[in-house]
Amino acid sequence: MLEILQPLPEDPLLGVMAAYRRDPDPRKVDLGVGVYKTEAGDTPIPAAITAAMERSAASQKTKVYVGQGGNERFNRAMLELAFGAAHAAVQDGRAAALQAPGGCGALRLGAELVNIARPGATLHLSNPTWANHVPLLSNAGLKIATYPYFDRATGGVDAAAMLTHLETLPAGDLVLLHGCCHNPTGADLSRAEWDAVAEVLARRGLVPFVDIAYQGLGDGLEADAYGVRLMADRLPEVIVAVSCSKNFGLYRERTGATFVISPTAERTGNAMGQLRKIARGMYSMPPDHGAELVALVWEDAALRQQWMEELEAMRVRVEELRGLLVSGLKALRGDVDYSFVQRQKGMFSLLPLNTTQIQRLRDEHHIYMPGDGRINVAGISRRNVEYVAQSLAAVI
Ligand SMILES: Cc1ncc(COP(=O)(O)O)c(C=O)c1O
């Protein structure tokens, strides 16, 4: 049976990471990997999560199965984090959450649900988008299309092109929106642009599917929820996928959730029943550990405060690095305008570099990034930001 299978080509990002590890040069910089890093280059467990682990270890008496919906305290926490506890849709049960194995699992569950409700529906993704969106969502049976999003000339969103395109889509299609910290570009919609997108979606009967994997890493926890809250306020139906990988530092614990928002609690309840059935058919139920830690942090005022401060420190660090990179480059190359890097949000920026420039950065300067020029700003540090700016100045 297996003899018919051919080896697959290596994931290009894994190749970049392997080349970085092999490089003995002490100046080497890894801007490829998509995880938060400290000044020392580590991806630590937040102290609030470590405290929750200790509490959980001391108090947990059983590992008996949780239900198919996962940890219900976690589900409640996720809704409160995204919408606020007082949000009408949360209060009256029109919004509900199902724990999922990470943001990827949440996206896939949402796509499977859509494909049951509307088989073979078309889901429109931003151009560009996170590469894994395509297999995660299309493997559920959805058709994938794209809408214009990024303006390479300004490093921002081409909102006019996006809105014009959305006006042409047939009612019933779905539109995937990055809740904040767009991956790979770092270019986010402004509030006015979110408002305009919500207006077009509502008027044309399009359904938003919001992927929010970086809440708290753009402008802050509340500000980053603007888009997802707006969609819940203005649109009758919304699907949301959330991830705790980055903001709670729980990457390998596979902690996320799928939300459904509909006009009635009954309809939402029916959708949740379908989601539980989908989960049962794929993996039965999600892993509990990460969800229990998030619930413990969220329910304890002191731990929640500590986590919020730790997250804010991560956000501020990335924002500061963006500023240092832009000013460093400006001082060396007055003819080059990279000020868009400062305006972009979250961990990623898509730099307008060509293949030769990216290769030169790697071969001559030991700076590693994937072939599309997406950098993880958190991979820079105060110590090497000057070197990164000098290297960019040399190849641009
Ligand atoms: C845009 C986006 N969505 C979702 C995810 C899912 O993350 P995870 O499955 O690790 O929670 C990621 C992770 O990189 C992402 O960048």
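Read-outs: derived from the displayed coordinates by stated rules, not from any lab. Predicted model only: the values in this text are computed from it and were never measured. Cβ coordinates were reconstructed from backbone atoms using ideal geometry, including for glycine residues, and neighbour counts include every protein chain displayed.
Observations on the model:
- Inverting the pair-averaged 1/r between distinct Cα atoms of the stretch 352-396 gives 10.6 Å as its Kirkwood hydrodynamic radius.
- Thr122, Thr356 arranged by Cβ crowding within 10 Å, fewest neighbours leading: Thr356, Thr122
- Comparing Pro101, Pro26, Pro286 in a Gaussian network model of the chain, where Cα atoms under 10 Å apart are tied by springs, the biggest mean-square fluctuation is seen for Pro26.
- For the stretch 141-157, Karplus couplings with θ = phi - 60° (6.51, -1.76, 1.60), whole Hz, Gly/Pro x: x, 6, 8, 10, 9, 10, 10, x, 9, 9, 9, 5, 5, 9, x, x, 7
- Hits among aspartates and glutamates - C-alpha to C-alpha of Lys330 under 13 Å, sequence gap 8 or more where chains match: Glu386
- Under a Gaussian network description of the chain, with springs only between Cα atoms under 10 Å, the residue in Pro24, Pro128, Pro170 that fluctuates furthest is Pro24.
- Fraction of antiparallel bridges per DSSP, the stretch 65-299 only, in percent to nearest 5: 45 percent
- Residue-averaged 222 nm ellipticity for the chain, from DSSP H runs of 4+ at -39500 (n - 2.57), nearest 500: -14500 deg cm²/dmol
- C-alpha long axis of helix 102-117 to longest principal axis of the chain, angle in °: 50 degrees
- The order of Tyr283, Tyr338, Tyr36, Tyr251, going from fewest to most other C-beta atoms within 10 Å of their C-beta, is Tyr283, Tyr251, Tyr338, Tyr36.
- Stokes-Einstein D for the stretch 81-218, Kirkwood Rh over Cα pairs, 10 °C, 1.306 mPa s (µm²/s): 101 µm²/s
- Rg/Rh for the chain, where both radii come from Cα atoms and Rh is the Kirkwood radius: 0.97
- Between the listed residues Leu221, Thr268, Leu81, the Cα displaced farthest toward the positive end of the dipole of the chain, a dipole computed from Cβ unit charges relative to the Cα centre, is found at Thr268.
- Rounded to the nearest 5, the antiparallel percentage of DSSP beta bridges internal to the chain is 50%.
- The ellipsoid equivalent to the alpha-carbon distribution of the stretch 65-299 has semi-axes of 26, 19, 17 angstrom, derived from the gyration tensor eigenvalues as √(5λ) and listed largest first.
- Rounded tilt (10° steps) of 191-204 against the dominant C-alpha axis of the chain: 50 degrees
- Using C-alpha pairs under 8 Å with a sequence gap of at least 6, the mean separation divided by the residue count of the chain gives a relative contact order of 26 percent.
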